[in-house]
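Q: My questions will all concern the structure given below.
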Amino acid sequence: MTIAGVIGAFVVLLAIKTTPIAFAALGGTLGERSGVINIGLEGMMTAGAFAAVVASGATGVPWLGAVAGVVAGAAFGALLGVLATRVRVDQIVAGTGINLFALGSAAFLLVLVYGQPGASKTVPSLGNGSWLLVALAFAVALALHVFLVATPAGLRLRACGENPSAVAAAGIDPLRIRLLAVTAGGALAGLGGAYLSIGELNLYSDGMIAGRGFIALAAVIFGRWTPLGAMGAALFFGFFEALQFVLQGSSIPSEAMQMLPYVAAIVALVAFRGRARAPAADGIPYERNIEEF
Amino acid sequence: MRGIRKAFGAVTAVDGVDLELRGGEIQALVGENGAGKSTLAAIAFGALRPDAGTVERRGTVGLVHQHFELIERMRVWENIVIGREPRRGVRIDTDAAKRAVRELAARNGLDVDPDAIVESLPVAMKQRVELLRELERRPAVLLLDEPTAALAPAEVAAFFATIVALARAGTAVLVVTHKLQEVLDYADTVSVMRRGKIVAHFASRGVALDEIARTMVGGELPKVAARASTAPVPRVRVAHLRAESGDNAVRDVSFEVRGGEIVAVAGVEGNGQTSLADALAGVLPYEGSIEGADARGVIPQDRLREGLVPSWSVTENVALGRQHARARRGALLDRRGVLQAARAIVERYDVRAPSVDARVATLSGGNQQKLVVGRALLDDPAFVVAYQPTRGIDVGAAALVQSRLMEARNAGAAVLLISFDLDEVFALADRILVLYRGRIAGTFAREDADRAKIGRLMAGGT
């Protein structure tokens, strides 16, 4: 292979590895800017990946699988949103619960639907169509940037992450904004999961998300809570995933290589800590409080 | 508002109140803590629904919060137009928004820079932004909740000049406040609340401050303990102290607090008081020297955040901070000793709690503060740091806290009082230091302290 060929192959790999993290990180960014920390990204990706395989297998139309992934992610996002806003469960606990719930129910439904544990049968994949999703990830990053910076709804969403009481004082319901933001974030994470199962592969297997939801969470912080930053961070982590993939089979033990993206996540977070501030009300439940009078 | 009633559980906060706000009139609503002012204001604003009674509003209601509801990291114009953003297509029309803010500011004589980030603004400017945000909605009724709590005397006058102009232009204004002097200076009428009812309504012209105060407490005003003559002895010496936390800093201050005297630090909030108190309390690193401050009792700035654990009982909170030295038996807590101490504080400081096992969160602010003060003074500390010891508590509780501080002084303690309330400073201090931008701008003995001069120094004048 020529050097250009090697580089070309690596760029393809980089795009493939970046895309699912990017969708989830963009979804996480949306949630955190509205004030909800989305620990449940991993679970939402899991739900998206599984639903996409089931829908694609049942209909034979992979794009319907992608839609199913979006819907499943949005459903789990809405669940977190309701728990975090209306019920005011601790966001970390709720998100962790969603991760366990999604993983467990996927494993259970796997047996129910396919009669076998561990992995689904193969289903129609998006094939070359998955490149549309790669392009979409970049487009979403750009669109979210414009949305947050320049539109009224974006201003209100950001304000919710800074001081929901001030948003309420302006006559807007901050809980509704947070619920919508987390639901949309879940939809993006679900699409990221769907990309993994029917874009990059053509089946669902237990544990296939393999911590990408948490890497996405790191990408949110590393990306300084901005969509473009999250995209850049996703590329950074995607690079190490791709590198790990390429270096498999070299003399370095593969287990050590598999640690690479995760080590990169920790190193990046430590190296760039304190460079940017999280939204002031990130992770803090909002409650109308008359004591403030 | 007619026949308003509102209960929280077994407690009736507002008990059959009629209140009318007229366009063009500034009405003050005063009362002790827990009298129901806040609840009534919340009902007037529409944030709470009354259990009984009717609220009729002509036009919208604006509310200026005591602790501003601003988005600190956003720009002034964003804070003001949020919820009513001018649009161009799907985007915010930034130019139109800034222009609207400039016009609004000019119309009301409240000059602000629309592009400034709110967190970089001084307190008085933040309040302008808060007021402008409400004015942008052209309210027929404007509610002001303790609007001058953080302002210097000159800023208070400027603020009320704007409010008076608004009222003259037809807005109905309701001011909820503790500061009776401001009521007399600026309000047209005064309603006094006690135990959920409006017990008196005065025209503020011709009414005496004492009469309003007496109506508030429903009897004679509690007296603050008398100042005994003491022979001050050297105790605490602070030299070239520098400390900072966030944007609050003291820069090279030196002073002495002697046993048997109260030294009051006067100043507008944000001029280094927090850093000074924290350095003296031993919770903030500092440069320079502090001598003689080891046996100290601290009344912290924020009773709920720094003073108490709200979800713990009175007894547990009394043990807090004393667990190593005083409240220990071997490796275990001295439960009986702590219980005795808790009972003693509850009695001596008139902490009204159902029992010493009651959770502190269920007590009123005044009772929480009495508990904090009682714990700080429990072992007769040689040095007392009191930061706004009567902030947000009612007249009766405030008099008790001030009395105990005075008694501690009479008994020989060195007391450093940090207060933004000049009345309190003048009532208690033997000596007054004025703190401005982290430096001592002036020192006065009690006998020759000039209120006007101190007010000027607090605002950075000479």
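Q: Output the number of residues of segment B:64-104 satisfying the condition of being at the interface with chain A (Cβ under 7 Å from one of its Cβ atoms), open to solvent by less than 70 Å² (accessible area, probe 1.4 Å) and in a strand (DSSP E or B).
A: Residues meeting the conditions: 1.
For every residue, the table says whether it meets (1) modelled with pLDDT under 95; (2) touching an Asp or Glu at 6+ places or on another chain (Cβ under 8 Å); (3) away from chain B (no Cβ under 14 Å); (4) under 20 Å from A:Leu14 (Cβ atoms).
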| residue | (1), (2), (3), (4) |
| --- | --- |
| A:Leu133 | no, no, yes, yes |
| A:Leu136 | no, no, yes, yes |
| A:His145 | no, no, no, no |
| A:Leu155 | no, yes, no, no |
| A:Ala169 | yes, yes, no, no |
| A:Ile177 | no, no, no, no |
| A:Ala181 | no, no, yes, no |
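Q: Continuing with this model, one more query. If a residue has to be open to solvent by 40 Å² or more (accessible area, probe 1.4 Å) and facing chain A (nearest Cβ under 10 Å) to count, how many in segment B:33-45 make the cut?
A: Going through segment B:33-45 one residue at a time, the tally reaches 2.
Q: With respect to the numbered conditions (1) hydrophobic (A, V, I, L, M, F, W, C); (2) over 22 Å from A:Glu200 (Cβ atoms); (3) surrounded by fewer than 24 Cβ atoms within 10 Å (Cβ to Cβ), which one is the sole condition not fulfilled by A:Leu30?
A: Every listed condition holds for A:Leu30 apart from (3).
Q: Filter segment A:224-269 down to residues that are part of a loop (DSSP other than H, G, I, E, B) and of a type in the set (Val, Ile, Thr) and give me whichever is farthest from the chain's Cα centre (by Cα).
A: Once the filter is applied, the top-ranked residue is A:Ile252.
Q: While we're on this one: So A:Val87 ticks every box in (1) part of a loop (DSSP other than H, G, I, E, B); (2) in contact with an Asp or Glu (Cβ under 7 Å, 6 or more places away or on another chain) but one. Which box is left unticked?
A: Unmet condition: (2).
Q: I would also like to ask the following. For B:Gly438, are the conditions met, namely being in the same structural domain as B:Gly321 (by TED's automatic domain parsing), within 19 Å of B:Ala281 (Cα to Cα) and more than 18 Å from the chain's Cα centre (by Cα)?
A: Spelling it out, it is not the case that B:Gly438 is in the same structural domain as B:Gly321 (by TED's automatic domain parsing), within 19 Å of B:Ala281 (Cα to Cα) and more than 18 Å from the chain's Cα centre (by Cα).
Q: Still on this structure, I have one more. Answer with yes or no whether A:Ser197 is more than 10 Å from every other protein chain (Cβ to nearest Cβ), open to solvent by less than 20 Å² (accessible area, probe 1.4 Å), part of a helix (DSSP H, G or I) and touching a strand residue (DSSP E or B) at 6+ places or on another chain (Cβ under 9 Å).
A: yes
Q: Is at least one residue of segment B:143-153 part of a helix (DSSP H, G or I) and open to solvent by less than 20 Å² (accessible area, probe 1.4 Å)?
A: no
Q: Of A:Leu155, A:Leu136, A:Leu180, A:Leu103, which residue is closer than 30 Å to A:Gly283 by Cβ, in a helix (DSSP H, G or I) and in contact with a strand residue (DSSP E or B) (Cβ under 7 Å, 6 or more places away or on another chain)?
A: It is A:Leu155.
Q: I would also like to ask the following. Return a yes/no flag: does segment B:114-122 have any residue that is surrounded by 18 or more Cβ atoms within 10 Å (Cβ to Cβ), in a helix (DSSP H, G or I) and either assigned by TED's automatic domain parsing to the domain that holds B:Val164 or among the aromatic types (Phe, Trp, Tyr) (or both). Steps first, please.
A: From segment B:114-122, those surrounded by 18 or more Cβ atoms within 10 Å (Cβ to Cβ) are B:114, B:118, B:121; that's our starting set.
After this cut, where a residue has to be in a helix (DSSP H, G or I) as well, the list is B:118.
This time we only want the ones that are either assigned by TED's automatic domain parsing to the domain that holds B:Val164 or among the aromatic types (Phe, Trp, Tyr) (or both), so: B:118.
Yes, some residue in segment B:114-122 is surrounded by 18 or more Cβ atoms within 10 Å (Cβ to Cβ), in a helix (DSSP H, G or I) and either assigned by TED's automatic domain parsing to the domain that holds B:Val164 or among the aromatic types (Phe, Trp, Tyr) (or both).
Q: In this structure, does A:Leu79 turn out to be in contact with a Gly (Cβ under 9 Å, 6 or more places away or on another chain), away from chain B (no Cβ under 14 Å) and at pLDDT below 95?
A: On the way: in contact with a Gly (Cβ under 9 Å, 6 or more places away or on another chain): yes; away from chain B (no Cβ under 14 Å): yes; at pLDDT below 95: no.
Considered against the rule, which asks whether it is in contact with a Gly (Cβ under 9 Å, 6 or more places away or on another chain), away from chain B (no Cβ under 14 Å) and at pLDDT below 95, A:Leu79 comes out as no.
Condition check ((1) open to solvent by 50 Å² or more (accessible area, probe 1.4 Å); (2) touching a residue at least 12 places away in the same chain (Cβ under 8 Å)) across all residues:
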{"site": "B:Met216", "(1), (2)": "no, yes"}
{"site": "B:Gly219", "(1), (2)": "no, no"}
{"site": "B:Pro222", "(1), (2)": "yes, yes"}
{"site": "B:Val238", "(1), (2)": "no, yes"}
{"site": "B:Arg258", "(1), (2)": "yes, yes"}
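Q: Kindly indicate the residue of segment A:207-223 that is outside any helix (DSSP H, G or I) and aliphatic (A, V, I, L, M) and also least open to solvent (accessible area, probe 1.4 Å) among those meeting that condition.
A: Within segment A:207-223, the match that is least open to solvent (accessible area, probe 1.4 Å) is A:Ile209.
Q: So, one more: Evaluate the following for B:Val395: is it farther than 23 Å from B:Gly260 by Cβ and among the aliphatic types (A, V, I, L, M)?
A: So B:Val395 passes the test.
The values are calculated or read from the model by the stated rules, or taken from the named source; none is laboratory data. These numbers come from a predicted model, not from an experiment. So basically every Cβ, Gly included, is an ideal-geometry build from the backbone, and we count neighbours across all protein chains shown. Note: areas computed on protein heavy atoms with side chains; ligands, DNA, RNA excluded. Shrake-Rupley method; radii C 1.70, N 1.55, O 1.52, S 1.80 Å.
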